[in-house]
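The values are calculated or read from the model by the stated rules, or taken from the named source; none is laboratory data. A quick note: this is a predicted structure, and the numbers were derived from the prediction, not measured. Methodologically, a virtual Cβ is constructed for each residue, glycine included, from the backbone with ideal geometry; neighbour enumeration extends over all protein chains shown. Heavy atoms of the whole protein, side chains included, go into the accessibility calculation; ligands, DNA and RNA do not. Shrake-Rupley method; radii C 1.70, N 1.55, O 1.52, S 1.80 Å.
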Amino acid sequence: MQIFSRSQEHYSSFYTALAFLLCFCFFVIGARDIGKQAMVDEPLWIFDRIESYSASFLSGDLLGTRINDKPGITIAILGTPSRLAHAYPSTIQESITPEEHEHLTALMRLPILAAGAILLLLLFFVVRRLTNQEIALASVLMIALSPHLLGIARIINPDALLWILLPLSFFLIWRALLFPSRTTVIYAGTILGLGLLTKYIANLIFVMMPLLSALIVIYDRKKDITLIQSQLKRHIIVYMSITFIALAVYILMLPSTWIRPIDILRGTLFSEAFIAIWGIYVGLMFFFVTDTFLSRRPLFSTILFYLRPYHRVITIFSAITVFMATLYVLLSTILNNPLHNFQLALQSPKSALSNTDFLTTFLSGFYNITFGLHPLMLALFLVTCLVTPLIATKKQQLFITGSLLFIVVYYLGSAIGGVAPTLRYQIGLFPLVFFVCACGTFILGQRLLLPSQVVAKRFLYGGLTITLIASLYTSTPFYLSYHNSFLPTNHLFDYKNMGDGSYHAAAYLNSLPYAENLSIWSDKSGVCRAFVGSCTTTVKHDRILEDKLVFQYFVTTPDRAHQVIRESKSELKRRAAPRIGVYNFEQLYTKVNIPLHTIKRSQSERSALHIYSAKESNIAGDNPYAKE
């Protein structure tokens with residue numbers, strides 16, 4: 001390719017050293033107090049899935065190595081070394097102390113965090129070869145200092161690796177299509193295979209590969225249909241090679257596929273991410289391949305040939321779509337636009353389509369980008385969308401357009417599947433957002449009317465670094481709860497919070513006199529795992545009466561209010577339930593109660609965790625045991 005020729009840039013060891021330093025800082029900051037958090041869903045991995053994978057493999061029960069539909073195999077492998085200290089975590093789940101639990105989770109989290117830091121350094125080298133070292137370093141800077149990405153990398157969950165594997169696969173495949181080589185194809189296939197082993201949403205890369213191929217052809221502007229057809233043939237060979245390597249990695253590390261081949265399809269075409277469109281996808285790919293290789297008048301090549309003059313229109317369309325959607329979500333949320341209830345969609349993300357509508361479900365994806373970025377980063381993202389069609393080079397337009405289209409396709413796919421993309425569901429898109437911002441920083445640094453480009457770049461990168469460090473510092477240790485100042489006080493940022501603050505609530509209660517004799521209720525199970533006394537999350541009246549539960553304290557989190565209120569009302573309506581509730585848990589969220597202690601997770605008061613004393617909250621009903 002002429003306009004997409006290999007970079008002849010001389011790579012500075014200074015940039016490489018800075019990238020290494022950023023990745024090292026990412027690990028060191030993330031490792032600090034890494035055991036002092038209690039996140040949702042982690043017990044499933046700590047006490048079951050990680051142990052099951054290695055135990056099934058060693059015992060010869062190969063079918064048992066498929067531990068989850070995610071399937072989360074990379075998490076299981078990285079968590080296995082912790083079994084050297086605790087051989088069988090499942091046997092101590094009921095008796096484990098908070099201190100032992102903290103030690104065990106730290107042993108499991110550290111290898112996952114280290115893997116994320118190493119892959120982040122690899123992303124620097126990939127982006128550097130794809131663009132230049134300034135964009136690569138700026139991307140790593142923004143990613144390494146992102147509160148959300150640091151927070152997600154510290155938990156035991158497939159998303160703790162997906163956040164880096166998904167964008168890394170995207171950039172590697174981009175490079176393999178632009179500059180195919182055996183090494184690049186092997187890297188791309190291996191990383192994609194690891195992505196599939198981590199979480200099925202990585203299958204979206206298969207959809208993006210033909211789209212990236214089409215973009216490359218359109219922006220390259222070859223002057224002959226035959227040349228375009230030859231180029232597409234090379235792309236298909238690369239595509240098939242990467243797919244073969246990815247499936248080989250998937251099969252190698254998931255032994256259940258050795259004796260039950262259907263598990264290959266369950267992780268790809270028949271996965272939750274692909275099941276709704278797999279027939280359409282296979283049909284289109286079959287037609288694309290046969291048309292490219294067998295037709296004398298190839299349809300796809302002809303279409304792409306006539307689309308060449310409109311490459312700038314594609315850039316404008318993608319940039320304006322993202323710009324307008326982000327701005328619309330920002331203004332709609334601030335002004336409480338009744339047409340689109342993003343709160344309702346994000347409170348029950350898997351029921352978003354039935355609770356709202358398609359457009360609201362689609363736009364809800366932009367909610368976390370809009371309010372999750374620092375105001376300066378959000379402004380930079382929006383400005384990049386505006387200036388890209390005007391002043392960016394054709395190569396820069398290609399990379400920014402491809403990244404923006406990936407975001408749009410991801411949200412469209414989620415909406416088609418009826419799921420609103422919460423923060424955790426779309427965490428793999430944040431590195432792409434930062435890549436777009438890094439490209440924008442580079443473009444603006446070249447165009448700013450300052451005495452020299454050196455001054456402009458120092459001004460931009462220095463300001464960004466200080467801003468990002470400040471936002472990371474202020475979000476410590478509740479990284480996943482960070483949001484910008486644009487979010488209205490009557491809204492939450494993450495309606496499906498992973499459990500920020502649960503450990504700290506338990507730590508406060510553990511500091512009270514005779515804490516081991518106390519009985520508490522919490523709407524987050526993480527609090528119970530870290531509390532030394534008796535704790536439950538149930539709202540079932542029958543169980544509370546049967547077990548004679550009497551609570552001295554209640555712990556509430558705003559992101560669980562919707563679910564607890566719904567379950568509490570449902571419990572009160574049951575015929576078997578007492579006419580007056582044992583505990584009217586709904587009043588913890590709807591009644592004005594003065595908390596004994598508050599844990600502020602972000603600048604918004606509404607996101608805080610509250611601990612109430614039973615004496616002050618007075619929510620007991622007709623439970624005779626609650627009045628003793």
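Based on what the data block shows, is residue 269 within 22 Å of the chain's Cα centre (by Cα), surrounded by 14 or more Cβ atoms within 10 Å (Cβ to Cβ) and under 29 Å from residue 564 (Cβ atoms)? Criteria not met by residue 269.
Among the residues of the stretch 556-563, some residue qualifies, meaning at least one is closer than 24 Å to residue 99 by Cα, in contact (Cβ under 8 Å) with a residue 40 or more places away in the chain and either in contact with a helix residue (DSSP H, G or I) (Cβ under 7 Å, 6 or more places away or on another chain) or in a helix (DSSP H, G or I) (or both). If you go through the stretch 98-105 one residue at a time, do you hit one that is of a type in the set (A, V, I, L, M, F, W, C) and open to solvent by 40 Å² or more (accessible area, probe 1.4 Å)? Looking through the stretch 98-105, none of the residues is of a type in the set (A, V, I, L, M, F, W, C) and open to solvent by 40 Å² or more (accessible area, probe 1.4 Å). Only residues that are open to solvent by 40 Å² or more (accessible area, probe 1.4 Å) and in a helix (DSSP H, G or I) were counted in the stretch 202-222, giving 2. Residue pairs whose Cβ atoms lie under 7 Å apart, separated by 6 or more positions or on different chains, with the first residue in the stretch 162-179 and over 8 Å from residue 428 (Cβ atoms) and the second modelled with pLDDT of 95 or more and polar (S, T, N, Q), are 172/184; 175/184; 176/184; 177/213. Checking each residue in the stretch 26-51 for being acidic (Asp, Glu) and in a helix (DSSP H, G or I) picks out 42, 48, 51.
Considering the stretch 303-317, and only residues there that are within 34 Å of the chain's Cα centre (by Cα) and open to solvent by 70 Å² or more (accessible area, probe 1.4 Å), the residue that is farthest from residue 390 (Cα to Cα) turns out to be 310. Per the conditions (1) within 26 Å of residue 28 (Cβ to Cβ); (2) open to solvent by 10 Å² or more (accessible area, probe 1.4 Å), the sole criterion not satisfied by residue 167 is (2). When the stretch 67-99 is filtered for residues that are out of contact with any Phe, Trp or Tyr (no Cβ under 9 Å at 6 or more places or on another chain) and either in contact (Cβ under 8 Å) with a residue 12 or more places away in the chain or over 17 Å from residue 43 (Cβ atoms) (or both), the ones remaining, listed by number, are 74, 78, 81, 82, 83, 84, 85, 86, 87, 88, 97.
Six or more apart or on different chains, Cβ under 8 Å: which pairs go from a residue in the stretch 222-238 that's under 15 Å from residue 307 (Cβ atoms) to one that's among the small types (Gly, Ala, Ser) and in a helix (DSSP H, G or I)? Could you list them? Qualifying pairs under 8 Å: 225/301; 228/301; 229/301; 232/213; 232/301.
You will find that of 259, 264, 280, the residue that is without any contact (Cβ under 8 Å) to a residue 40 or more places away in the chain and either more than 30 Å from the chain's Cα centre (by Cα) or open to solvent by less than 60 Å² (accessible area, probe 1.4 Å) (or both) is 264 and no other. Residues considered: 32, 83, 49. Of these, the only one that is in contact with an Asp or Glu (Cβ under 8 Å, 6 or more places away or on another chain) and either open to solvent by 10 Å² or more (accessible area, probe 1.4 Å) or under 22 Å from residue 162 (Cβ atoms) (or both) is 83. Within the stretch 538-567, take every residue that is within 14 Å of residue 609 (Cβ to Cβ), out of contact with any strand residue (DSSP E or B) (no Cβ under 6 Å at 6 or more places or on another chain) and not acidic (Asp, Glu) and give me the one that is most open to solvent (accessible area, probe 1.4 Å). Checked the stretch 538-567; the qualifying residue most open to solvent (accessible area, probe 1.4 Å) is 560. Residue count for the stretch 112-144 satisfying the condition of being farther than 19 Å from residue 173 by Cα and of a type in the set (D, E, K, R): 1. Of all residues in the stretch 52-77, those satisfying the criterion of being open to solvent by 50 Å² or more (accessible area, probe 1.4 Å) and part of a helix (DSSP H, G or I) are 57, 58, 59, 63, 77. Against the test of being without any contact (Cβ under 8 Å) to a residue 40 or more places away in the chain and of a type outside the set (S, T, N, Q), the options 26, 57, 14, 20 yield a single qualifying residue, 14.
Considering 144, 153, the condition of being over 28 Å from residue 274 (Cα atoms) and either basic (Lys, Arg) or crowded, with 22+ Cβ neighbours inside 10 Å (or both) is satisfied by 144 alone. Among residues of the stretch 196-211 that are closer than 19 Å to residue 424 by Cβ, those with a beta-carbon under 8 Å from a residue that is surrounded by 21 or more Cβ atoms within 10 Å (Cβ to Cβ) and among the acidic types (Asp, Glu) at least six positions away or on a different chain give the pairs 199/159. Out of everything in the stretch 453-504 that is closer than 28 Å to residue 420 by Cα and charged (D, E, K, R), what residue ends up being most open to solvent (accessible area, probe 1.4 Å)? Residue satisfying both the conditions and the ranking: 496. Has the stretch 513-523 got at least one residue that is in contact with a Gly (Cβ under 7 Å, 6 or more places away or on another chain) and buried (at least 21 other Cβ atoms within 10 Å of the Cβ)? Yes, the stretch 513-523 has at least one match.
When the stretch 493-526 is filtered for residues that are over 17 Å from residue 33 (Cβ atoms), part of a loop (DSSP other than H, G, I, E, B) and either of a type in the set (Gly, Ala, Ser) or in contact with a Ser or Thr (Cβ under 6 Å, 6 or more places away or on another chain) (or both), the ones remaining, listed by number, are 496, 523, 524. Helices (runs of 4 or more DSSP H) wholly in the stretch 354-408 with at least 2 residues that are open to solvent by 10 Å² or more (accessible area, probe 1.4 Å) and not charged (D, E, K, R) - which ones? By residue number, 358-363, 375-391.
The number of residues in the stretch 223-251 that are open to solvent by 20 Å² or more (accessible area, probe 1.4 Å) and among the hydrophobic types (A, V, I, L, M, F, W, C) comes to 10.
I need the full set of residues from the stretch 592-628 which are more than 34 Å from the chain's Cα centre (by Cα), modelled with pLDDT of 70 or more and loosely packed, with under 15 Cβ neighbours inside 10 Å, in order please. Once the filter is applied, which keeps residues that are more than 34 Å from the chain's Cα centre (by Cα), modelled with pLDDT of 70 or more and loosely packed, with under 15 Cβ neighbours inside 10 Å, the stretch 592-628 yields 592, 594, 615, 616.
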